[in-house]
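Report on one structure; see the data block that follows.
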Amino acid sequence: QCVTTLEGHENEVKSVAWAPSGTLLATCSRDKSVWVWEVDEEEEYECVSVLNSHTQDVKHVVWHPNQELLASASYDDTVKLYHEEEDDWVCCATLEGHESTVWSMAFDRSGERLASCSDDKTVRIWRRYKPGNEEGVACSGTDPTWKCVCNLSGYHTRTIYDVAWCHLTGALATACGDDAIRVFEESAVFAAALLLLLCHNSPGRAVTLHCSASVLRTSVEAEPSRKKRPRVSFSRHMSLMARAVFPVSFLE
């Protein structure tokens, strides 16, 4: 049964997401806003914040896996992050780099990395660096810095509509408008090369490396419809099929 109906957005509501605590619900809309709702023990919902940081349609919202940190993706080509500050929600970071609409995002299991996918046919991996980090990435005061550490380009021929990060295996899956689902897996070579880049490479320089990626098979096959945006999520039962080498561009 429907226990409540939440109203307030002035246009299509595009996405909803529960915080890990289950007491906060985030919603986003074509009206360019992100709303944060709080639910009490009696299942009464109250809007505690309306965030108007985006300048265009907001496509997707997702919560950090174990913190009250919220991310949103927008038609304005950016990803924005929000946290609570002095009893109000504020935008604490803007991730720029995509050249067109950002359709979806996903945190990895630790919450230290965020994947975003876009109409520009790329997937970007963003990493959080805390003040005093060993890599020497500059931070503003006590706030962490989110930096793009990997740009997956050249694999997709059309818009990437969804991305899912498996919290069991660490594999990353994408849903694309070219009717294909692709799965990427990080290798030890990837991690070592990335660490080397972060420690020694000069700022602003792009380096092309090769990353080993595993192709995985889910427990069910999917045939995306041409009429609807494809979406993808992981099953708990996956088997390794093959290993291949793909070029990946790492950014520093």
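The values are calculated or read from the model by the stated rules, or taken from the named source; none is laboratory data. Since this is a predicted model, take the numbers as computed values, not measurements. Neighbour counts run over all protein chains shown; Cβ positions are idealised from the backbone, glycine included. Protein only, heavy atoms only, side chains kept; ligands, DNA and RNA dropped before computing areas. Shrake-Rupley method; radii C 1.70, N 1.55, O 1.52, S 1.80 Å.
When the stretch 122-163 is filtered for residues that are open to solvent by 20 Å² or more (accessible area, probe 1.4 Å), closer than 30 Å to residue 181 by Cβ and either outside the structural domain of residue 182 (by the TED database) or charged (D, E, K, R) (or both), the ones remaining, listed by number, are 124, 127, 128, 147, 158.
All conditions in (1) in contact with a strand residue (DSSP E or B) (Cβ under 6 Å, 6 or more places away or on another chain); (2) surrounded by fewer than 22 Cβ atoms within 10 Å (Cβ to Cβ) hold for residue 43, with the sole exception of (1). Mind listing whichever residues of the stretch 69-99 are in contact (Cβ under 8 Å) with a residue 40 or more places away in the chain and either within 13 Å of residue 124 (Cα to Cα) or not in a strand (DSSP E or B) (or both)? Selection gives 73, 77, 79, 95, 97. Checked against the criterion of being modelled with pLDDT of 95 or more, of a type outside the set (Val, Ile, Thr) and over 14 Å from residue 115 (Cα atoms), the candidates 88, 76 yield just one match: 76. Out of curiosity, is residue 20 in contact (Cβ under 8 Å) with a residue 60 or more places away in the chain and either among the acidic types (Asp, Glu) or in a loop (DSSP other than H, G, I, E, B) (or both)? For residue 20, the condition - in contact (Cβ under 8 Å) with a residue 60 or more places away in the chain and either among the acidic types (Asp, Glu) or in a loop (DSSP other than H, G, I, E, B) (or both) - is not met. Look at the stretch 32-52: where a residue is of a type in the set (Gly, Ala, Ser) and a partner is surrounded by 14 or more Cβ atoms within 10 Å (Cβ to Cβ) and not in a loop (DSSP other than H, G, I, E, B), sitting 6+ places away or on another chain with Cβ atoms under 6 Å, you get 49/36; 49/89. Close contacts from the stretch 151-170, counting a first residue that is acidic (Asp, Glu) and a second that is outside any loop (DSSP other than H, G, I, E, B), with Cβ to Cβ under 8 Å and a gap of 6+ residues or different chains, come to 162/103; 162/104; 162/117; 162/174; 162/175.
Would a scan of the stretch 82-104 turn up a residue that is out of contact with any Phe, Trp or Tyr (no Cβ under 7 Å at 6 or more places or on another chain), buried (at least 19 other Cβ atoms within 10 Å of the Cβ) and under 24 Å from residue 29 (Cβ atoms)? For the stretch 82-104, residues out of contact with any Phe, Trp or Tyr (no Cβ under 7 Å at 6 or more places or on another chain), buried (at least 19 other Cβ atoms within 10 Å of the Cβ) and under 24 Å from residue 29 (Cβ atoms): present.
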